[in-house]
Amino acid sequence: MNRIQEFAKKHTIIYCILAEFIVLGTMTLAGMLIGRLFGTFNVDTYVLQALQELIGALLAFAAIKVSGCADILTERGIGFGKGLLVGGYFLVIGVYSAVVYTIIYEGERTLRPWYLIAAFVICMLLVGITEEFLCRGVLAELLLRHYGATGQGIWRAVIVSGVLFGLAHLSNLLGAEPVGVLVQCVIAAMMGMAFAAIYFRTGNIWVTVFLHAFVDVCALITGGLYTGALAETISGYQPIQLIGVVPYIILLCVLLRKKKMNEILTRISEAPEFAATE
């Protein structure tokens, strides 16, 4: 355990890439195995994905533990309620997306059974746990400890963790068109930066877990609610959709403005891992 943490401290970026590769790679293999085991039984897609994400959540939790970041699971920062206000943009955009997608949906509006809708929601929650534990709880946290409790250190941790989050989506090149995947990677990177900024602002990993899951539920609402609804494919993403990065740039500037940056620095500088280095 100590050797792992020592390696993470000395070679943080390499460690982050390895952690991401191991967790996501193992999840991919688990998904293939689950598909082989249950695919012939006509099991709902979201049930199968939930099983895969459960494995991912456990792996991400283990990654937090072995990386020496377990303290983030109990620290509350500014609190969950206030944290949701900090990340209010995602609440608004989530509700807006759900309303729009539901209104423009042209398929048959036959509701899926309640237990399959529940499986959909649970699946999205597990996605939020897996990706936030890994990408914010491990990557962003370790990068901040690596770059230091300064304004520049926070910005570096936000940007690098976001880029790594975006690059993780390159795995979709195996089944989607390159242009669509690249568009997805850029948007995901910007979203990852925004979640990292919220995480540093709130000091509460559970806030970003909830926001991430909420956004995913809203974005895939028709597929989760209606029988026979088709999810948007990555191959359908177009370069024009990159306009969507603009709100994230604005959001980052607002979240990490000077006044709030000073509040972040005051809070994290009191943490043992930073206080010990001063």
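The values are calculated or read from the model by the stated rules, or taken from the named source; none is laboratory data. Everything numeric in this text was worked out from a predicted model, so none of it was measured. FYI the Cβ positions are ideal-geometry reconstructions off the backbone, even for glycines, and counts take in every protein chain you see. Remember, those area values only see protein heavy atoms, side chains included, never the ligands or the DNA or RNA. Shrake-Rupley method; radii C 1.70, N 1.55, O 1.52, S 1.80 Å.
Counting only the Cα atoms, the chain fills a convex hull of 132 Å³ per residue. Simple spin-label estimate for His11 and Thr40 gives 4.3 nm between the two label positions (7 Å along the Cα-to-Cβ direction from each Cα). Taking the C-alpha atoms only, the angle from helix 151-167 to the longest principal axis of the chain is near 30 degrees. Annotation: amide H of Tyr226 within the under-5 Å range of Arg112, sequence separation 5 or more or interchain, hydrogens built in the peptide plane. Taking other residues whose beta carbon is less than 10 angstrom from the beta carbon of Ala168, and scoring Lys, Arg as +1 and Asp, Glu as -1, yields -2. Starting from the Cα of Tyr115, move 7 Å in the Cα-to-Cβ direction to define the label point; list residues of region 24-39 whose amide nitrogen is under 19 Å from there. Residues 38-39 qualify, since their backbone N sits under 19 Å from the label point. Taking every protein chain into account, the 1.4 Å probe leaves Phe38 with about 80 Å² of accessible area, to the nearest ten. Rounded to the nearest whole Hz, the Karplus-based 3J(HN,Hα) values (6.51 cos²θ - 1.76 cosθ + 1.60, θ = phi - 60°) of region 183-198 follow the sequence 4, 4, 4, 5, 5, 4, 4, 5, 5, x, 4, 5, 5, 5, 4, 5, with x at glycine and proline. Relative to the longest principal axis of the Cα atoms of the chain, the long axis of helix 245-255 lies at roughly 40 degrees. Placing a pseudo-label 7 Å from each Cα along the Cα-to-Cβ vector at Leu174 and Gln152 gives an inter-label distance of 4.0 nm. Based on protein heavy atoms only, the chain ends up with 52 Å² per residue of surface accessible to a 1.4 Å probe. In this simple spin-label model, placing a label point 7 Å from the Cα along the Cα-to-Cβ direction at both Ile78 and Gln241 gives a separation of 3.1 nm.
Within straight-line reach of Lys9, meaning a Cα separation under 18 Å, sit the following lysines at least 8 residues removed in sequence or on another chain: Lys65. In degrees between 0 and 90, to the nearest 10, how far off the longest principal axis of the chain does helix 258-268 point, with axes built from Cα atoms? It works out to around 80 degrees. Phi angles of region 58-66 translate, via the Karplus equation with coefficients 6.51, -1.76, 1.60 and θ = phi - 60°, into HN-Hα couplings of 5, 5, 5, 4, 4, 5, 4, 5, 6 Hz per residue; Gly and Pro are given as x. Shown is the FRET efficiency for Val95 and Lys259, computed with R0 = 25 Å from the Cβ-Cβ distance and rounded to the nearest 0.05: 0.35. Each residue of region 210-227 was assigned a 3J(HN,Hα) from its phi angle through the Karplus expression (A = 6.51, B = -1.76, C = 1.60, θ = phi - 60°), giving 5, 4, 4, 5, 4, 4, 5, 4, 5, 5, 10, 4, 5, x, x, 8, 10, 5 Hz with x at Gly and Pro. Straight-distance candidates among the lysines for linking to Lys258, with alpha-carbon spacing under 20 Å and chain neighbours fewer than 8 residues away dropped: Lys82. Over all other residues within a Cβ to Cβ distance under 15 Å of Arg3, the charged ones net out to +2, with Lys and Arg as +1 and Asp and Glu as -1.
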